[in-house]
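Undergrad: Got a structure for you, written out below as structure tokens; questions coming shortly.
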Amino acid sequence: MTANPPVTFAARGEPKEEIGGVEFDASQADLYRTNLLLRTANRIVYRLGEFTAVSFPELRKKAARLPWETILQPGQPVAVRVTCHKSKLYHSDAVAERVAGAIGDFFGKPAPMKKFNENSRPLPQLILVRFNHDTCTISADTSGELLHRRGYRLETAKAPLRETLAAGLIMASGWDGRSPLLDPFCGSGTLAIEAALYARRIAPGKNRRFAFMDWPGFDKKKWEHQLARANSLEIRSPVTILASDRDAGAIQIARSNAERAGVLDLIQFDCLAVSAIQPPNQAGWVVTNPPYGVRVSPDKDLRDLYARFGDVLRRQCPDWNTGVLCSNDLLIGQMHIPLLEKIHLTNGGLPVSFYRGKVQSL
């Protein structure tokens with residue numbers, strides 16, 4: 001999903017899919033645009049250089065040749081995050097110290113090292129160093145806070161989804177952006193809000209800052225052009241999005257989040273048990289993140305809930321498409337919904353799957 005537009009739109013040549021990421025060549029404007037438009041990526045990094053190093057002096061010497069002036073000011077604090085795999089240099093702290101030292105050598109002024117904590121301000125510039133079979137790749141984070149932080153979710157209910165995961169589920173469900181969409185376990189509303197942003201083509205990063213805005217080479221005019229271009233693509237979608245939850249407090253939080261996201265008018269929020277949902281007659285999509293034991297209530301048997309949920313879907317939503325996030329095949333089996341696809345994911349470090357299906361009538 002991340003390799004599809006806007007990455008394809010921004011890339012010079014074909015994007016290259018890798019484990020845990022997508023690599024592509026891009027201009028400065030493309031870098032701005034992908035940070036602004038990508039719905040499913042955690043962060044976008046800019047590769048400063050790649051070289052072989054088998055000793056610490058060699059690492060420091062070669063790292064000092066990189067174009068640090070494009071992303072840093074002399075003496076600017078940095079956070080260096082290191083991973084090492086099958087390399088002679090394997091001590092991550094020592095590697096981080098040498099890279100920070102190389103930055104100091106480049107500017108003739110030490111670069112203070114700090115830990116990267118997304119909740120601290122100001123954030124240091126994050127430098128990512130990866131050693132693999134003695135090849136060192138050094139990159140700079142362009143995003144700052146992780147891209148799931150859209151700026152609208154200031155309150156959360158139980159077990160919230162990251163915005164990037166929610167957007168990915170909407171896209172993976174195959175939703176067309178026009179048919180009705182229902183989330184009967186909406187919690188703080190993230191799935192419904194991301195669906196509304198997607199339907200209206202609202203850029204997910206339009207209301208936040210990025211690390212590249214503090215770079216010496218930041219071009220404000222180019223950024224404003226990309227922002228204006230993204231705003232011009234927004235549409236007034238007539239789509240029906242329904243979000244409900246039996247927790248009145250969660251519904252209140254969801255409404256507030258949707259209002260901050262600018263999509264409250266597009267979502268109908270109701271305080272309802274799943275057995276009381278009233279979907280429209282037109283077939284659409286049910287995309288939801290119901291409780292699944294480990295996530296909310298490890299001692300509670302949820303088989304009855306899933307069985308009742310399946311009964312409600314067959315009675316109320318015949319011919320609807322379904323997308324359910326869950327960590328347990330047995331719970332999904334209680335729904336008796338024919339499965340079309342199972343996608344393996346993680347949610348908060350927990351292995352989960354996204355189950356796509358099609359409801360059949362009773």
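Undergrad: Would it be correct to say that Val78 is β-branched (Val, Ile, Thr), farther than 25 Å from Arg209 by Cβ and either surrounded by 21 or more Cβ atoms within 10 Å (Cβ to Cβ) or in contact with a Cys (Cβ under 6 Å, 6 or more places away or on another chain) (or both)?
TA: When the stated conditions are applied, Val78 does not pass them.
Undergrad: Counting only residues that are within 17 Å of Pro184 (Cβ to Cβ), outside any helix (DSSP H, G or I) and either at pLDDT below 95 or of a type in the set (Phe, Trp, Tyr) (or both), how many does the range 293-348 have?
TA: 4
Undergrad: Being surrounded by fewer than 19 Cβ atoms within 10 Å (Cβ to Cβ), among the aliphatic types (A, V, I, L, M) and without any contact (Cβ under 8 Å) to a residue 40 or more places away in the chain is the filter here; which residues of the range 22-43 pass it?
TA: Across the range 22-43, the qualifying residue is only Ala26.
Undergrad: Any idea which residue in the range 84-107 is surrounded by the most Cβ atoms within 10 Å (Cβ to Cβ), counting only those that are in contact with a strand residue (DSSP E or B) (Cβ under 8 Å, 6 or more places away or on another chain) and outside any helix (DSSP H, G or I)?
TA: Top of the filtered list is Leu89.
Undergrad: I've got another one for you. Restrict the check to the range 221-233 and report whether at least one residue is part of a helix (DSSP H, G or I), hydrophobic (A, V, I, L, M, F, W, C) and farther than 20 Å from Arg149 by Cα.
TA: yes
Undergrad: Let me ask you something else. Kindly provide the set of residues from the range 299-332 that are more than 19 Å from Met171 (Cα to Cα), surrounded by 12 or more Cβ atoms within 10 Å (Cβ to Cβ) and in contact with a helix residue (DSSP H, G or I) (Cβ under 8 Å, 6 or more places away or on another chain), ordered by number.
TA: Within the range 299-332, Leu302, Arg303, Leu305, Tyr306, Arg308, Phe309, Val312, Leu331, Ile332 meet the criteria.
Residue-wise test of (1) in contact with a Cys (Cβ under 6 Å, 6 or more places away or on another chain); (2) within 27 Å of Cys271 (Cβ to Cβ); (3) of a type outside the set (D, E, K, R); (4) buried (at least 23 other Cβ atoms within 10 Å of the Cβ).
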residue	(1), (2), (3), (4)
Thr142	no, no, yes, no
Leu146	no, no, yes, no
Gly151	no, yes, yes, no
Leu154	no, yes, yes, no
Glu163	no, yes, no, yes
Met171	no, no, yes, no
Gly177	no, yes, yes, no
Pro184	no, yes, yes, yes
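Undergrad: Identify, from the list Arg229, Arg260, the residue that is surrounded by 13 or more Cβ atoms within 10 Å (Cβ to Cβ), outside the structural domain of Cys186 (by TED's automatic domain parsing), under 23 Å from the mean Cα position of the chain (by Cα) and not small (Gly, Ala, Ser).
TA: On inspection, the qualifying residue turns out to be Arg229.
Undergrad: Where in the range 5-83 are there strands (runs of 3 or more DSSP E), lying fully within it, with 1 or more residues that are at pLDDT below 95, out of contact with any helix residue (DSSP H, G or I) (no Cβ under 6 Å at 6 or more places or on another chain) and not small (Gly, Ala, Ser)? Full working, then the answer.
TA: Working: elements: 16-18, 21-23, 45-52.
Fully inside the range 5-83 and qualifying: 16-18, 21-23.
Undergrad: Now for a separate question. So the check is Cβ under 8 Å with 6+ separation or different chains; which pairs have a first residue in the range 227-252 that's under 23 Å from Ala283 (Cβ atoms) and a second one that's among the β-branched types (Val, Ile, Thr) and in a loop (DSSP other than H, G, I, E, B)?
TA: Pairs that qualify, where the first residue is under 23 Å from Ala283 (Cβ atoms) and the partner is among the β-branched types (Val, Ile, Thr) and in a loop (DSSP other than H, G, I, E, B), are Leu242/Ile277; Ser244/Ile277.
The values are calculated or read from the model by the stated rules, or taken from the named source; none is laboratory data. All values derive from a computational prediction rather than experimental measurement. Cβ coordinates were reconstructed from backbone atoms using ideal geometry, including for glycine residues, and neighbour counts include every protein chain displayed.
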